[in-house]
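Student: Take a look at this one; I'll ask things after.
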There are 2 protein chains.
Amino acid sequence: MTEHYPEEDRIFELLQALNKGICPKFERCAGISPTRLRLLNELFQVDEVSQITLQKGMDIDAAAVTRHLKGMEESGTITRRNNPADNRVTLVSLTDQGRERMIQYSEEKRRFVATLLTGFNGQERTVLIDMLNRLQSNINLL
Amino acid sequence: MTEHYPEEDRIFELLQALNKGICPKFERCAGISPTRLRLLNELFQVDEVSQITLQKGMDIDAAAVTRHLKGMEESGTITRRNNPADNRVTLVSLTDQGRERMIQYSEEKRRFVATLLTGFNGQERTVLIDMLNRLQSNINLL
DNA sequence: ATATATTAGTTGACGGGTCAATGATTATCA
DNA sequence: TGATAATCATTGACCCGTCAACTAATATAT
């Protein structure tokens, strides 16, 4: 036991500050929130998905998905319809506009992430990924 | 240019997932939100601070501070009074209860962070801090 | 065949953050 | 001195997430 509280605390603070910094900046740069872009990404890779399938691929709850999709429907990036084979489920798909926007957003994201990782060489990136994965695992133990 | 989009994206996703994981777990384990504990921490190190000073030390805005303090006042961990020398400012201080609780919360936090960093030796922690700092700097460029 | 359970989605209330507008107080300066 | 500006705190409206309650539809089991 070597008494490194300050160092541990520093990491904790940094992780929080980082998250707090990243999301708003991303939204400002890319013109869309990370979550919505992830939704678009999922939708981009299929023709049509049920809302529940979509939701399970994200780490947000069903209510949040409903509200995002409602907003995205109003802004014309997606469409929704009932599944005739099962009236509980609603099927979601990207509009053509949605596909176009998704491509532009992705480009913005690529730029954003490139800037975020400025100065990190390949090996450092690998180390970082490894460490973040380990932190994630440690959290899951709680 | 070596085309490492997936790796870059992975880091971006991991950072977000991590934040989303840490906060709720922390709150469940420690019994208080990270932000409120940081408020308590600031207050712990002084007799009395003006709300504005307190706010500037945190990375949240004045409205959020007002609401947190209001809640903490009701739950008896802090008290507030007007500064007689300047009626715009309100002075905040921890109650005795608040100091006691703060100590307990800190212990929970210590445990939490220790678990979070399980498996990280001293050198790795240093590397991690360095990397997180660099990410933070990169964000600030945007 | 019907009662019961499960599933999908929506809504409302809440916590935690933002921004913008407001009120009250104090500073500034012409 | 008296108008104007700056400062501190609060409030309201919004975004984004949670959970819990509810509806509607389908599955299950007796």
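Student: Note the buried accessible area between A and B here, summed over both chains, with a 1.4 Å probe, in Å² to the nearest 100.
Tutor: Answer for the A-B pair: about 5800 Å² buried.
Student: Which distance in nm do the two modelled labels at A:GLN136 and A:ASP47 give, with both placed 7 Å along the Cα-to-Cβ direction?
Tutor: 3.1
Student: Can you grab the distance from the C-alpha centre of region B:112-135 to the C-alpha centre of region A:103-118, Å, no decimals?
Tutor: Using only Cα atoms to place each centre, the spacing works out to 26 Å.
Student: Additional query: Would you mind checking which residues have amide H under 5 Å from A:SER50's amide H? H placed 1.01 Å from N; only 5 or more apart, or other chain.
Tutor: Residues meeting the criterion, in which the H sits 1.01 Å from N, are A:VAL92.
Student: Next question, about the same structure. Could you please point out the chain B residue with its Cβ nearest to the axis of the rotation taking chain B onto chain A, and the distance in whole angstrom?
Tutor: Closest to the rotation axis on chain B: B:ASN19, 2.
Student: Return the subset of A:LYS25/A:LYS70; A:LYS109/B:LYS56; A:LYS25/B:LYS70; A:LYS56/B:LYS20; A:LYS70/B:LYS109 for which the Cα-Cα distance in this structure is over 27 Å, preserving the input order.
Tutor: Details: A:LYS25/A:LYS70 24 Å; A:LYS109/B:LYS56 31 Å; A:LYS25/B:LYS70 29 Å; A:LYS56/B:LYS20 16 Å; A:LYS70/B:LYS109 39 Å.
Over 27 Å Cα-Cα: A:LYS109/B:LYS56; A:LYS25/B:LYS70; A:LYS70/B:LYS109.
Student: Over chain A, with a Gaussian network built from C-alpha contacts below 10 Å, which listed residue (A:ASP61, A:ASP130, A:ASP86) shows the highest mean-square fluctuation?
Tutor: Highest fluctuation of the listed residues: A:ASP130.
Student: Could you list which residues have their amide H under 5 Å from that of B:VAL89, counting only those 5 or more apart in sequence or on another chain, with H placed in the peptide plane?
Tutor: B:ASN83
Student: Taking each label point as 7 Å beyond Cα in the direction of the beta carbon, state the distances from A:GLN97 to the same residue in the other copies, shortest first, in nm.
Tutor: 5.4
Student: For region B:105-119, take each phi angle, set θ = phi - 60°, evaluate the Karplus expression 6.51 cos²θ - 1.76 cosθ + 1.60, and give the result in whole Hz per residue in order, putting x for glycine and proline.
Tutor: 4, 4, 5, 4, 5, 4, 4, 4, 5, 4, 5, 4, 9, 3, x
Student: Run the 1.4 Å probe and let me know the accessible area of A:CYS23, rounded to the nearest 10 Å².
Tutor: Roughly 50 Å² of A:CYS23 is accessible to a 1.4 Å probe.
Student: How large is ³J(HN,Hα), in whole Hz, for each residue of region B:21-27 in order, when computed from phi with the Karplus curve 6.51 cos²θ - 1.76 cosθ + 1.60 and θ = phi - 60°, using x for Gly and Pro?
Tutor: x, 5, 4, x, 4, 4, 4
Student: Rounded to the nearest percent, how much of the accessible area of chain B (1.4 Å probe, protein heavy atoms only) is carbon and sulfur? Don't skip to the answer; put the middle values down first.
Tutor: On the way: 3830 of 7650 Å².
Roughly 50 percent, rounded to a whole number.
Student: Would you work out which of A:MET131, B:PRO34, B:MET72 lies farthest towards the positive end of the dipole of the protein assembly as shown, given +1 charges on the beta-carbon of Lys and Arg and -1 on that of Asp and Glu, about the Cα centre?
Tutor: Going by the charge dipole, the pick is B:MET72.
Student: Quick one: length gained pulling B:ASN83 to B:THR118 fully straight, 0.36 nm per residue minus the C-alpha distance? Each step should come with its number before you reach the end.
Tutor: On the way: separation 35, 0.36 × 35 = 12.60 nm, distance 4.55 nm.
Difference between extended and current length: 8.0 nm.
Student: For A:ALA64, place a label point 7 Å out from Cα along the Cα→Cβ vector, do the same in each other copy, and report the separations in nm, one decimal, smallest first.
Tutor: Result, one decimal in nm: 1.6.
Student: Bin all alpha-carbon pair distances of the protein assembly as shown at 10 Å intervals from 0 and give each bin's fraction as a whole percent.
Tutor: Bin by bin from 0 Å, the calculated values are 6, 23, 27, 24, 15, 5, 0, 0.
The values are calculated or read from the model by the stated rules, or taken from the named source; none is laboratory data. These numbers come from a predicted model, not from an experiment. Using ideal geometry, Cβ is built from the backbone for each residue, glycine included, and neighbour counts are taken over all protein chains shown. Each accessible area value is taken on the protein alone, full model and side chains, heavy atoms only, with ligands, DNA and RNA left out. Shrake-Rupley method; radii C 1.70, N 1.55, O 1.52, S 1.80 Å.
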